Amino acid sequence: MRRLNTLLASDLSTQDTVRLLNLLLSLERERVQLYGLRLPASVVVSIEQGAGQ
């Protein structure tokens, strides 16, 4: 998870960012299930692109 968060801080394409976010979300789901908790049914992620992109 630390490596994924580090990658998110770098300059990635939108497609790669979405892939990393999906992977992070699946890791969080597994971690939450280990604790016996529940996650929301859906998660909405918005990506803002800078003026230079």
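The values are calculated or read from the model by the stated rules, or taken from the named source; none is laboratory data. Here the structure is a predicted model, which means the values were calculated and not measured. Cβ placement follows ideal geometry from the backbone for every residue including glycine, while neighbour counts extend to all protein chains displayed. Quick note on the areas: whole protein, heavy atoms, side chains included, nothing else; ligands and nucleic acids left out. Shrake-Rupley method; radii C 1.70, N 1.55, O 1.52, S 1.80 Å.
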The one condition in (1) open to solvent by less than 80 Å² (accessible area, probe 1.4 Å); (2) touching a residue at least 12 places away in the same chain (Cβ under 8 Å) that ASN5 fails to fulfil
(1)
LEU4 passes all but one of (1) hydrophobic (A, V, I, L, M, F, W, C); (2) at pLDDT 85 or above; (3) under 12 Å from the mean Cα position of the chain (by Cα); which number fails?
(2)
Restricting the search to the range 10-32, which residues are of a type in the set (Gly, Ala, Ser) and closer than 16 Å to VAL45 by Cα?
SER13, SER26
So GLU28 passes all but one of these: (1) under 12 Å from the mean Cα position of the chain (by Cα); (2) modelled with pLDDT under 80; (3) not polar (S, T, N, Q). Which condition number does it fail?
(2)
